[in-house]
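**Q** One structure follows; several queries about it will come next.
The numbers here are math on the coordinates, done by the rules we state, and not lab data. As the structure is a computational prediction, the values presented were derived from the model and not from experiment. Virtual Cβ from ideal backbone geometry, glycine too; neighbours counted across all protein chains shown.
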Amino acid sequence: MSTLAHDISLEVNGERVDTRVDARTTLVDFLRDALGLTGSHVGCEHGVCGACSVRVNGTVVRGCLMLAVQCDGMRIETIEGVADTGEIADLEQAFIARNALQCGFCTPGMLLSAQELLMSMPRPGRAEIRAHLSGNYCRCTGYQSIVDAVEAVAQARAPRRSAAREDAEK
Amino acid sequence: MKPAPFGYAKARSLSHAIELLGTDDAKLLAGGQSLIAALNMRLSRPALLIDINSVAGLDTIELADGHVEIGALVRHVQAERSAQIARHAPLIASAMPHIGHPAIRNRGTLGGSIAYADPAAELPACLLALGAELDIAGPGGERRVSADNFFRSLFETALGPRDVLIRIRIPAADANTRVAFSEFARRQGDYALVGLAACARAKGKHLEDVRLAYFGVGPTALRARRAEAALAERGHEEAMRALRTDLQPDDDLHAPAAVKMHLAGVLLRRVATQLLEQRA
């Protein structure tokens, strides 16, 4: 019951994974080392930098502040999965177009956090973008271009969203 | 760094969690947003983690007999979006955006933050300002402790080694309740250098029952009792003077004592203005 290794069964990027993990293995280490999903990065390992951000059951969490053993029965999405579905293709393009990355270490976490904001708030202002990305450190860009990119995507998506709403109302 | 090895058990119920707490060197795991960081840094090396995330019944927000009752496993994001909390516990609502970053709030729990009792955390001060009560379950049954008697010392609370914090009770705000919150932090969402949570009752143009709870200036969140009385009776200039005898901050990694004292005064001025300018 309170042993060191545990069987878990979870869904990662749409695929079922059945495996055995040490209780002390963090979610991000499990994704990187056991599954080879190295898009989630390990920075500070204490919840400050945001490089390890992943989605668990649809919400963005710190991969270093959850244990893999806690994810039994849960649905995990990493940057690999989210990028493959095309869900954030416009955000990726906007980051490239505006040089919103240099070394790229923070980028997977930035993209997931930005997408979470855009899903919950259709037209965020710059202050709201900065507040929502406050938990993701970038040491290259100075953030300006990241905020630009997120703002541009928010504006580009807005007409689509209101058109979708009008369709739904018809 | 990586955590030292530990055992892991999922508590099936509250009584199961309390039973497991009988194991030597066991710790409760709720949101884990402070605990897992401490494990990673090996500041904490428990033998057993008891995961209480699947314990039923501890994640509700309800209005019951004049109080907002918040289950200990309510996550910050849930409180942030709660209409009940916005309406009946507005101080908690205004503190929420300052607590960690969105990804931390998606996972962290109110009970976890309160039980951990970081001296620079927002919620313990809010509970002191609101005159909240905490419901605790242990091997001998349940008991209720006031916030004033809960926070004892640095990371020390009224929780015993086999106790589980299960619920927070906050007197529901009414038309005369005034609340205010302000803090200084280096970065949005970081622990505060200094912060202040306040609650009062409006009586005409005056305030009474003023409660001022500071955080980041001592081993626990603490009330500035002389400043509270001065603000109610003689206005904020007198309260500023009284504050100097209420607070004795130490130098820390983030700021020297004199800077903290200065910032505490700035916060008092801001919060006093917020309390007086709110309208019913």
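**Q** Treating the beta-carbon of each Lys and Arg as +1 and of each Asp and Glu as -1, no other charges, what is the dipole magnitude of chain A about its Cα centre, to the nearest 20 debye?
**A** Roughly 560 debye, rounded to the nearest 20.
**Q** Could you work out the equivalent-ellipsoid semi-axes for the stretch A:58-170, taking the square root of 5 times each eigenvalue of the Cα gyration tensor, largest first, in whole Å?
**A** Gyration-tensor ellipsoid for the stretch A:58-170: 24, 20, 13 Å.
**Q** Let's test the formula: R0 of 45 Å, r as the Cβ-Cβ distance of B:Arg225 and A:Leu4. What FRET efficiency results, to the nearest 0.05?
**A** The computed FRET efficiency comes out at 0.40.
**Q** Could you work out how much longer the chain between A:Cys140 and A:Ala89 gets when fully extended? Use 0.36 nm per residue separation minus the Cα distance between them, nm to one decimal.
**A** That works out to 16.1 nm of additional length.
**Q** Is any residue of the stretch A:66-109 close enough, with backbone N under 14 Å, to a label point placed 7 angstrom from the Cα of A:Asp18 along the Cα-Cβ axis, and if so, which?
**A** Inside the label zone: A:73.
**Q** Looking at chain A, send over the antiparallel percent of its DSSP beta bridges, to the nearest 5.
**A** Among the beta bridges of chain A, antiparallel pairing accounts for roughly 90 percent.
**Q** Next question. Exposure proxy check: B:Cys126, A:Cys64, A:Cys49 ranked by fewest other beta carbons within 10 Å?
**A** A:Cys49, A:Cys64, B:Cys126
**Q** Would any residue of the stretch B:180-199 have its amide N under 15 Å from a label point 7 Å out along Cα→Cβ of B:Val266? List them or say none.
**A** Answer for this model: B:182-188, B:192-196.
**Q** Calculate the mean, over all residues of peptide A:108-114, of how many other protein chain Cβ atoms lie within 10 angstrom of the residue's Cβ.
**A** Other-chain Cβ atoms within 10 Å of each residue's Cβ, averaged: 1.
**Q** Assign one of three labels to the protein assembly as shown, namely rounded, prolate or oblate, based on the Cα gyration tensor with a ≥ b ≥ c the square roots of its eigenvalues; rounded applies when a/c is under 1.5, prolate when it is not and a/b is larger than b/c, and oblate otherwise.
**A** Oblate is the answer for the protein assembly as shown, as a/c is 1.5 or above yet b/c matches or exceeds a/b.
**Q** How big is the charge dipole of the stretch B:143-229 about its Cα centre, in debye rounded to the nearest 20, if each Lys and Arg gets +1 on its Cβ and each Asp and Glu gets -1 on its Cβ?
**A** For the stretch B:143-229, the charge dipole is close to 160 debye.
**Q** Tell me whether the stretch B:25-118 comes out rounded, prolate or oblate; compute the Cα gyration tensor, take square roots of the eigenvalues as a ≥ b ≥ c, and use a/c under 1.5 as the rounded threshold.
**A** It is prolate, given that a/c is not under 1.5 and a/b is the larger ratio.
**Q** Quick check on the stretch B:124-189: take the gyration tensor over C-alpha atoms, sort the square-rooted eigenvalues as a ≥ b ≥ c, and tell me if it's rounded (a/c under 1.5), prolate or oblate.
**A** Oblate, since a/c reaches 1.5 and b/c is not below a/b.
**Q** Using a Cα-Cα cut-off of under 18 Å, which lysines could be cross-linked to B:Lys27, ignoring same-chain neighbours fewer than 8 residues away?
**A** Straight-line reach from B:Lys27, under 18 Å: B:Lys2, B:Lys10.
**Q** Given charges of +1 on the Cβ of Lys and Arg and -1 on the Cβ of Asp and Glu, with all other atoms neutral, how large is the dipole of the protein assembly as shown about its Cα centre, in debye to the nearest 20?
**A** With only Lys, Arg, Asp and Glu charged at Cβ, the dipole is about 1000 debye.
**Q** Looking only at other chains, what is the average number of their beta-carbon atoms within 10 angstrom of each beta-carbon in A:60-72?
**A** Going residue by residue through A:60-72 and averaging, the value is 6.
**Q** 222 nm [θ] for chain A, helices only, -39500 (n - 2.57) per DSSP H run of 4+, per residue, to 500?
**A** Helices in chain A give a 222 nm mean residue ellipticity of -11500 deg cm²/dmol.
**Q** Using the charge dipole of the stretch B:214-280 (Lys, Arg: +1 at Cβ; Asp, Glu: -1 at Cβ; taken about the Cα centre), state which of B:His236, B:Met261, B:Val217 has its Cα farthest towards the positive end.
**A** Farthest towards the positive end: B:His236.
**Q** In peptide B:106-118, how many Cβ atoms from other protein chains are near each Cβ within 10 Å, on average?
**A** Average neighbour count from other chains, rounded to a whole number: 2.
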